[in-house]
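Taking it in order: structure first as C-alpha cells, then the write-up.
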Amino acid sequence: MTGSVTARGNPVKRLRSRLDRHAGLAYDTAMWQGSIVSIHIAPAAGQPMDTVAEARAVKGRGLEGDRYFLGTGYYSGKPGEGGREVTLIETETLEALPALGVKLSAAESRRNIATAGVPLNHLVGREFDIGRVRLRGMRLCEPCKYLDGLTQAGAMSALIHRGGLRAVILNDGIIRVGDTVTPA
C-alpha cells in the first residue's frame with residue numbers, strides 16, 4: 001500500500017483514532033462546565049418567544065408560562081417520546097448557521113434555553129444540573145418543518161442533528177441566565 005499511512009504508522013492519526021474510540025468516555029469522566037446564555041418562553045403556539053431572566057422549572061410540566069407547560073403548544077396534543085418539558089440549544093450552533101445561509105437568534109430557534117460550552121448531543125440519556133435544577137436529556141431536539149414556517153426556509157435542514165436537546169425536569173427550581181451547567 002504505497003502512499004497510504006495507517007493510524008499505526010502515524011502518531012497524529014494514532015492519537016485521533018484513540019480519541020475517536022474514546023469520545024464517549026471523555027464526556028463520562030472529564031468535567032466540563034457551561035452556562036445559560038438566555039431563557040425563552042411563549043404563551044401559545046406560533047407566538048414570539050419572550051426572553052426572560054429566569055423561569056420556574058416544574059417537574060413533569062416544563063417552564064412556568066411556556067406553551068408546553070400550559071398545554072397550548074403546537075404539538076401539545078401529540079405525545080412525544082422524551083416529552084416537551086424543556087428544550088435547549090447551543091449558542092455555538094446558532095453562531096455557525098450563517099455559513100449555511102440561515103440566521104436565527106436563540107429566541108427564533110424556538111428552544112427554551114440557550115447554552116454556551118455545553119455538549120448537548122452528548123447529554124442524551126444523562127443527568128445534568130442547571131444551577132440547582134436537575135434535568136435528564138431524553139433525545140435530540142430535531143427540527144421540524146413547522147420551524148421553517150415560523151422562521152425562514154432552510155432553518156430545518158440547517159439544524160438537523162444540531163437542533164438541541166429535549167430534557168425532563170427532575171426537581172422543581174428556578175433557572176436563571178448565568179446559571180452554571182454541569183454533568184450530574
Matching residues in segment 111-136 (within 15 Å of L63 (Cα to Cα), within 11 Å of the chain's Cα centre (by Cα) and assigned to a loop (DSSP other than H, G, I, E, B)) number 2
Can you tell which of T93, T87 is part of a strand (DSSP E or B) and modelled with pLDDT under 95? T87
Any idea which of S76, S4 is surrounded by 11 or more Cβ atoms within 10 Å (Cβ to Cβ), modelled with pLDDT under 85 and more than 17 Å from the chain's Cα centre (by Cα)? S76
Extreme residue, farthest from R139 (Cα to Cα), among residues of segment 156-172 that are surrounded by fewer than 22 Cβ atoms within 10 Å (Cβ to Cβ) and at pLDDT 85 or above: D172
Is it the case that segment 29-39 has a residue that's within 29 Å of S109 (Cβ to Cβ) and modelled with pLDDT under 85? yes
Being more than 22 Å from L170 (Cα to Cα), in the same structural domain as I175 (by TED's automatic domain parsing), modelled with pLDDT of 90 or more and buried (at least 16 other Cβ atoms within 10 Å of the Cβ) is the requirement here; does A106 meet it? yes
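The values are calculated or read from the model by the stated rules, or taken from the named source; none is laboratory data. Treat the numbers as computed from the prediction; the structure is a model and nothing was measured. Virtual Cβ from ideal backbone geometry, glycine too; neighbours counted across all protein chains shown.
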